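Only the coordinates and a few stated rules stand behind these numbers; no lab work does. Everything numeric in this text was worked out from a predicted model, so none of it was measured. Backbone-built Cβ (ideal geometry, glycine too); neighbour counts: all protein chains shown.
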Amino acid sequence: MRTVCAAGILAVALGGLMGTSPALEQGEVEELLHKARQLVMRGEIDGAGELCMKILLSAQESEQRVGAWELVRLLDAYEVPFQQQYADFARGWDLMEFGFLDEARITLEGISPASQHLDIAIAEKLAHIALLQGDYEQAVELYQGIYESYPQSESAPWALYHQVELLSAQGDETRVDKLRKFLLERYPDSVPAQMLSKEDEEEG
């Protein structure tokens, strides 16, 4: 395993330096994130990390900025033996961002098992594609798969939380209540559990 730029980026963020670089327009951010994914496809991990750094230091809150954080976290857990899987993941993500949803899904589904971090990232992207295609039940199943496969991971409570959100949108209150209770009992100190508790307080 190799660690790239995530620790340094986090240190800069905590040091209060976020946003001190000239602000980037949304189009510029999208292009930089696209280039970062292209670099991952070529195995140029450090270069991809540097572009993510530029985004995080100069971009306003946006979906692309969140994407940069997502990519940084994945690169921080980069494992050389899985270089091809990372490249395929970046290709699938790129296809999804450009609206080629079926091609993206096929690419992501075809990636052989790799590291925990990458497996979770793949499932999350597939869930996003399912949502974009209006298949809420498939998205729920994918998030459930994350929980079942990696119950001890940081992603597990978030997977449960996303299921709660999706099932609430569908009006499936029976499953929602069951999942909410399970999340609060199983991961009481997690951020998703705290978010649910706050929602309960506000509604109460």
Q. Which angle from 0 to 90°, rounded to the nearest 10, does the C-alpha axis of helix 83-97 make with the longest principal axis of the chain?
A. 70
(Q) Under the rule a/c < 1.5 gives rounded, and otherwise a/b versus b/c splits prolate from oblate, where does the chain land using the Cα gyration tensor? (A) prolate
Q: Assign unit charges at the C-beta atoms only (+1 for Lys and Arg, -1 for Asp and Glu), then state the dipole size of segment 135-204 relative to its Cα centre in Debye, rounded to the nearest 20.
A: 220
Q) Looking at segment 32-123, which chymotrypsin sites (Phe, Trp or Tyr not before Pro) are DSSP coil and have at most 13 other C-beta atoms within 10 Å of their C-beta? A) Phe98
(Q) Using only Cα atoms and rounding to the nearest 10 degrees, what angle (0 to 90) does helix 116-132 make with the longest principal axis of the chain? (A) 70
Q | In degrees, nearest ten, helix 136-149 long axis to first principal axis of the chain (Cα) | A | 80
Q.
Tell me which of Ile129, Pro81, Leu56 sits at the most positive position along the dipole axis of the chain, charges placed on C-beta atoms (Lys, Arg +1; Asp, Glu -1).
A. Pro81
